[in-house]
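Each remark here refers to the structure printed beneath this line.
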Amino acid sequence: MPITTIDPVVALLVIDLQAGFTGAPAVDPVSEIAARAGQLANTFRDRGLPVVLLNVVGGAPGRTDNSSIGSGPLPDGWADLLPELGRRKSDHTISKVRWVRSMTPGSTST
């Protein structure tokens, strides 16, 4: 669906579309999701609106409750943003070391 209206005071946040998650289960392949996110990012860029690309570079030190990333060092390139995003120098990038576990209704965050 083409984008027809974007609020003039807005930013696009693209979260965790990085090499380490390309094999993760998703409704659509991650590369297709990244391609659509890249198209949306280009629309924002063309309108002079901010694009923020976030990746995760590891788990918080000492945390053992989430083993999805593992406890050892990550492979080279694991945190690299996917090329489909079309990263530009004007984009803001943030690397994070913590993530939020999936929450189920009625659960609480620790």
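Counting only residues that are open to solvent by 70 Å² or more (accessible area, probe 1.4 Å) and closer than 19 Å to G77 by Cα, which one in segment 1-22 is nearest to the chain's Cα centre (by Cα)? Spell out the reasoning first.
Taking segment 1-22 as the starting set, the residues that turn out to be open to solvent by 70 Å² or more (accessible area, probe 1.4 Å) are 1-2, 4-5, 7-9, 13, 15, 22.
Now narrow it down to the ones that are closer than 19 Å to G77 by Cα: 15, 22.
Working: I15: 2, T22: 11 Å.
Only one residue fits best here, namely I15.
Each residue in segment 77-103 was checked for being open to solvent by less than 60 Å² (accessible area, probe 1.4 Å), modelled with pLDDT of 95 or more and not small (G, A, S), and 4 of them qualify. Residues in segment 45-63 that are at pLDDT 90 or above and either surrounded by fewer than 13 Cβ atoms within 10 Å (Cβ to Cβ) or in a loop (DSSP other than H, G, I, E, B) (or both): D46, R47, G48, L49, P50.
The values are calculated or read from the model by the stated rules, or taken from the named source; none is laboratory data. Here the structure is a predicted model, which is why all the values come from computation and not from measurement. Using ideal geometry, Cβ is built from the backbone for each residue, glycine included, and neighbour counts are taken over all protein chains shown. We work out accessible area using only protein heavy atoms, side chains counted, and drop any ligands, DNA or RNA first. Shrake-Rupley method; radii C 1.70, N 1.55, O 1.52, S 1.80 Å.
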